[in-house]
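The values are calculated or read from the model by the stated rules, or taken from the named source; none is laboratory data. Because the structure is a prediction, the values reported are computed rather than measured. With ideal geometry, Cβ positions are generated from the backbone for all residues, glycine too; neighbour counts draw on all protein chains shown.
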Amino acid sequence: MSNLTLRQISLALLVSACVAAPSIVQAAPSDTPSPPPPPASDTKSQPKDKKSEKKSSLDSPAFLQGYRAAYATIYERNEYAAAVDQLKALGQDDRADVANLIGYSYRKLGNYELASVWYERALKADPNHVRTWQYYGLWQVEQGNREQAKHHLAKIETLAGRDSAEYQSLASALTTGRTSY
């Protein structure tokens, strides 16, 4: 083989590797909660109480300020126990974003049992909450439950696609066995 042919083959292999390699870049989660799913149609006939009216004020300034403070406590200061207290104090821990961050904090504290409870609570509030599927999938990887983590990955693919940061993060964790979130 000539040097030119070898160079062409090497270049082709390099380009193929770059194209085939999955993107491992991970975007940080948002500090703004996503709205909860719309209420079920049968709840319209039920009388509204004060508690449900409080929870329907999705983006009250006080809630957003508290949520963002807890978010910073988690992602900037890594003070997970303090974040759990802050998130529970919001009084909206049945919202998927809030329950997911409580689960995440418990996972980071090493309390996998409570983390699972909170991830399940988040998915009960919003079965399509992509970030919860990601974080719960990472929990599954950490617990050695690869088949369950693959199920979570498939759910993320359905909801957000393979190009989403959540999919990429969990796919990387399944490949390497390491979680970054």
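Going by what's in this entry, would residue 130 be described as under 24 Å from residue 73 (Cα atoms) and surrounded by fewer than 17 Cβ atoms within 10 Å (Cβ to Cβ)? Steps first, answer last, please.
Values: under 24 Å from residue 73 (Cα atoms): yes; surrounded by fewer than 17 Cβ atoms within 10 Å (Cβ to Cβ): no.
Criteria not met by residue 130.
Condition check: touching a residue at least 40 places away in the same chain (Cβ under 8 Å), touching a Leu at 6+ places or on another chain (Cβ under 7 Å) and either buried (at least 17 other Cβ atoms within 10 Å of the Cβ) or more than 20 Å from residue 103 (Cα to Cα) (or both). Does residue 170 satisfy that? Write out each step before concluding.
Values: touching a residue at least 40 places away in the same chain (Cβ under 8 Å): no; touching a Leu at 6+ places or on another chain (Cβ under 7 Å): yes; either buried (at least 17 other Cβ atoms within 10 Å of the Cβ) or more than 20 Å from residue 103 (Cα to Cα) (or both): yes.
It is false that residue 170 is touching a residue at least 40 places away in the same chain (Cβ under 8 Å), touching a Leu at 6+ places or on another chain (Cβ under 7 Å) and either buried (at least 17 other Cβ atoms within 10 Å of the Cβ) or more than 20 Å from residue 103 (Cα to Cα) (or both).
Given the condition under 18 Å from residue 106 (Cα atoms) and of a type in the set (Gly, Ala, Ser), answer yes or no: does some residue in the range 133-140 qualify? First the steps, then the outcome.
Residues of the range 133-140 that are under 18 Å from residue 106 (Cα atoms), as a first pass: 133-140.
Imposing the further condition that a residue be of a type in the set (Gly, Ala, Ser) reduces the set to 137.
The answer is yes, given that some residue of the range 133-140 is under 18 Å from residue 106 (Cα atoms) and of a type in the set (Gly, Ala, Ser).
Out of everything in the range 93-127 that is polar (S, T, N, Q) and crowded, with 24+ Cβ neighbours inside 10 Å, what residue ends up being farthest from the chain's Cα centre (by Cα)? Reasoning before the result, please.
Just the residues of the range 93-127 that are polar (S, T, N, Q), to begin with: 100, 105, 111, 116.
Then drop every residue that is not crowded, with 24+ Cβ neighbours inside 10 Å, which leaves 100, 105.
On the way: 100: 7, 105: 12 Å.
Result: 105.
Could you say which residue among 117, 98, 84 is in a helix (DSSP H, G or I), touching a residue at least 60 places away in the same chain (Cβ under 8 Å) and not assigned by TED's automatic domain parsing to the domain that holds residue 174?
98
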